[in-house]
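Structure record follows, encoded as structure tokens.
The values are calculated or read from the model by the stated rules, or taken from the named source; none is laboratory data. As the structure is a prediction and not an experimental result, all values here were calculated from the model. Ideal geometry is used to build each Cβ from the backbone, glycine not excepted, and the neighbour counts take in all protein chains shown.
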């Protein structure tokens, strides 16, 4: 779509490339700066609970399972998930979607009382109105999760952009700064992919990340636009899937989705019905973790757009 290969009928795109993407999330939920924008789903749920004037299309741009991506120090004595209770665990921000999925799995699949874990964060929350639980600890200026993990001041941490894979607030070049060699730490679940596969087959939950949101004023003024945007996103995805299965899409991310397709079928399913178990699961986790006060209706969160 952004390169013009798929036309959005009746719409002229004025694309703004914000790097890193999480900086765009912050600008959208704080200042409603864009007509349409990618936003992290948990950030969106929180913003919507606080009256954000935009609504999501059932278009989910990225996917990832979360039985992998939680690193532990070998000296911390963490042999199983319950051992995290009483420990300090690093995550970029309490509401980061990877952290919400990870805590939800720990609590609902393994019985971890996440209120007994100290969640150590080194960035601010996207939604300013969010009030954090008492067991969230902010680092002082100049400290980082990566350095605290290395020194043993925290016992475990999420990896990549959700935690110790980068440092500091999301500024230009932020995603390229992979300063922590996470391979020196062990995964909490060494068999995480197998656990993810079993979980998906049992629950139908396939975690999503980026959502596409559109200002409600635009949706109200042009009721046809939601279906047209959904059609265009679906066509762009179909074009990508054709290249993927023909062996013509070969980035590391493409190959990751090709592997995931062996587990889930469609690696990027769109639509409300196709994603209802996942939507409901993430909303339940957000309530459990005191990110939103109560469940929101699916109809309040998503436009029921169709091709």
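Please determine whether any residue of the range 237-246 is in contact (Cβ under 8 Å) with a residue 60 or more places away in the chain, in a helix (DSSP H, G or I), in contact with a strand residue (DSSP E or B) (Cβ under 7 Å, 6 or more places away or on another chain) and surrounded by fewer than 17 Cβ atoms within 10 Å (Cβ to Cβ).
Taking every residue of the range 237-246 in turn, none turns out to be in contact (Cβ under 8 Å) with a residue 60 or more places away in the chain, in a helix (DSSP H, G or I), in contact with a strand residue (DSSP E or B) (Cβ under 7 Å, 6 or more places away or on another chain) and surrounded by fewer than 17 Cβ atoms within 10 Å (Cβ to Cβ).
Here is a list: 11, 22, 59, 6. Which entry is touching a residue at least 40 places away in the same chain (Cβ under 8 Å) and touching a strand residue (DSSP E or B) at 6+ places or on another chain (Cβ under 7 Å)? Let's see the steps before the verdict.
Details: 11 fails: touching a strand residue (DSSP E or B) at 6+ places or on another chain (Cβ under 7 Å); 22 fails: touching a strand residue (DSSP E or B) at 6+ places or on another chain (Cβ under 7 Å); 6 fails: touching a strand residue (DSSP E or B) at 6+ places or on another chain (Cβ under 7 Å).
Exactly one residue qualifies, and that residue is 59.
Has the range 189-204 got at least one residue that is surrounded by fewer than 18 Cβ atoms within 10 Å (Cβ to Cβ) and either touching a strand residue (DSSP E or B) at 6+ places or on another chain (Cβ under 6 Å) or closer than 24 Å to residue 56 by Cα (or both)?
yes
(1) over 20 Å from residue 283 (Cβ atoms); (2) surrounded by fewer than 21 Cβ atoms within 10 Å (Cβ to Cβ): which one isn't true of residue 72, the others all being true?
For residue 72, the exception is condition (2).
Name, by its number, the condition in (1) under 20 Å from the mean Cα position of the chain (by Cα); (2) touching a residue at least 40 places away in the same chain (Cβ under 8 Å); (3) in a helix (DSSP H, G or I) that does not hold for residue 226.
Condition (1) is where residue 226 drops out.
Residues are listed down the side, and each one gets a yes or a no for (1) outside the structural domain of residue 116 (by TED's automatic domain parsing); (2) assigned to a helix (DSSP H, G or I); (3) modelled with pLDDT under 95:
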| position | (1), (2), (3) |
| --- | --- |
| 254 | yes, yes, no |
| 258 | yes, yes, no |
| 261 | yes, yes, no |
| 266 | yes, no, no |
| 270 | yes, no, no |
| 275 | yes, yes, no |
| 278 | yes, yes, no |
| 286 | yes, yes, no |
| 307 | yes, no, yes |
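Confirm whether residue 242 is under 17 Å from residue 206 (Cα atoms) and modelled with pLDDT of 95 or more. Full working, then the answer.
On the way: under 17 Å from residue 206 (Cα atoms): no; modelled with pLDDT of 95 or more: yes.
No; evaluated as a whole, the condition is false for this residue.
Please list, ordered by first then second residue, the pairs with beta carbon atoms under 6 Å, 6 or more apart or interchain, first in the range 291-307 and surrounded by 10 or more Cβ atoms within 10 Å (Cβ to Cβ), second assigned to a loop (DSSP other than H, G, I, E, B).
291/95
Scan the range 77-91 residue by residue and report those that are part of a loop (DSSP other than H, G, I, E, B) and either more than 13 Å from the chain's Cα centre (by Cα) or at pLDDT below 95 (or both). Lay out the reasoning, then the answer.
Looking only at the range 77-91, we keep the residues that are part of a loop (DSSP other than H, G, I, E, B), and these are 77-80, 85-87, 91.
Within the range 77-91, 77, 78, 79, 80, 85, 86, 87 meet the criteria.
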